[in-house]
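The block underneath contains the structure these notes are about, expressed in structure tokens.
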Amino acid sequence: MELKQLNKITILLALIININAFPQMKMADIEGKQFSIDLKAEKRNIIKILDNDNYSVFYLLNRKKFDFDKKHRNVDLVNLIFFSKKYNKGILTLFKQSIDYKKKAIYNITLYSGLAGNYMFVPSMIIVDQNFDYEYLMMYSYIHPPYDMNTYKSSISIQDNRNRCNIIHIDLKGNAVYENIDDILSNISKVPKENSSEKECNPVIYDIDLKDFFPEKIIK
């Protein structure tokens, strides 16, 4: 009888932990996540690899990444979307992935942020709406003050993609991957809405990043 009660308590605790997983999600929470894909059975371009009451994480499938010598592991780049159900928006970012061939058309995947301390491999990010259309551009940066090379200043810049003159800068305590997704998205309301009188407005994301690391359009 006591054993049955203990089992029930264990199951209940597991359910509570599962329900409350990632109440405040960070991009770093997906570090080391493993899952499998069956390319033959998978028909979608966007795969939901995590989902709870607050957040979803989507993996953007690029079948070209799986064309490699099956005897070896392929380490490549992948786009992920960290989607907040509170704000109905997501952060499109770039992670590293290791792909291992398992059998037939099945592959095992492990995800890595690729960060090293305050450094991010590609600091460019894009904020998407509920339809995964590009809504805001975002860039993470950190610089050393000229008077002290042992410290740094970390920040993100968020810019309206429709009017690239409208921009805000937000100071961070550390790397952007350790910031709560909702805390980042809460800054969108601070981005100016009015049109700027400036004649030339440049995107905060480098053109080469937009071209080489992000799809021109996300196709569901």
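Between ASN79, ASN74, ASN88, ASN45, which is open to solvent by less than 80 Å² (accessible area, probe 1.4 Å) and closer than 12 Å to ILE109 by Cα?
After ruling out the rest, the residue left standing is ASN74.
State whether one or more residues within the range 3-20 are at pLDDT below 95, out of contact with any helix residue (DSSP H, G or I) (no Cβ under 8 Å at 6 or more places or on another chain) and hydroxyl-bearing (Ser, Thr, Tyr).
Yes; the residues of the range 3-20 include at least one that is at pLDDT below 95, out of contact with any helix residue (DSSP H, G or I) (no Cβ under 8 Å at 6 or more places or on another chain) and hydroxyl-bearing (Ser, Thr, Tyr).
If I ask for residues that are free of Cβ contacts under 8 Å to residues at least 24 places away in the same chain, of a type outside the set (Lys, Arg) and open to solvent by 50 Å² or more (accessible area, probe 1.4 Å), which ones from the range 94-116 would you list? So that I can check it myself, show each step before the final result.
Applying the first criterion (free of Cβ contacts under 8 Å to residues at least 24 places away in the same chain) to the range 94-116 yields 103, 114, 116.
Going one step further and asking which of them are of a type outside the set (Lys, Arg), we end up with 114, 116.
Within the range 94-116, just ALA116 meets the criteria.
Kindly provide the set of residues from the range 170-183 that are closer than 14 Å to VAL204 by Cβ and open to solvent by less than 20 Å² (accessible area, probe 1.4 Å), ordered by number. Spell out how you get there, then give the answer.
If we filter the range 170-183 for residues that are closer than 14 Å to VAL204 by Cβ, which is where we start, we get 170, 176.
Answer for the range 170-183, where residues must be closer than 14 Å to VAL204 by Cβ and open to solvent by less than 20 Å² (accessible area, probe 1.4 Å): just ALA176.
Could you list, in sequence order, all residues of the range 117-169 that are in contact with a Lys or Arg (Cβ under 9 Å, 6 or more places away or on another chain), open to solvent by less than 30 Å² (accessible area, probe 1.4 Å) and either within 25 Å of GLU31 (Cβ to Cβ) or of a type in the set (Val, Ile, Thr) (or both)?
Residues satisfying the conditions are ILE127, VAL128, PHE132, TYR136, LEU137, SER154, ILE158, ILE168.
Checking the structure you have, find out if any residue of the range 206-216 is touching a Pro at 6+ places or on another chain (Cβ under 9 Å), more than 24 Å from LYS65 (Cβ to Cβ) and in contact (Cβ under 8 Å) with a residue 24 or more places away in the chain.
no
Is it the case that the range 60-70 has a residue that's among the aliphatic types (A, V, I, L, M) and at pLDDT 95 or above?
Filtering the range 60-70 for residues among the aliphatic types (A, V, I, L, M) gives 60-61.
Applying the additional criterion that residues be at pLDDT 95 or above yields 60-61.
The answer is yes; a qualifying residue exists.
The values are calculated or read from the model by the stated rules, or taken from the named source; none is laboratory data. Worth saying up front: this structure is predicted, and the values here are computed from it rather than measured. Because the Cβ atoms are built from the backbone with ideal geometry, glycine has one as well, and the counts that use them run over all protein chains shown. What goes into the accessible areas is simple: the full protein's heavy atoms, side chains included, and nothing from ligands, DNA or RNA. Shrake-Rupley method; radii C 1.70, N 1.55, O 1.52, S 1.80 Å.
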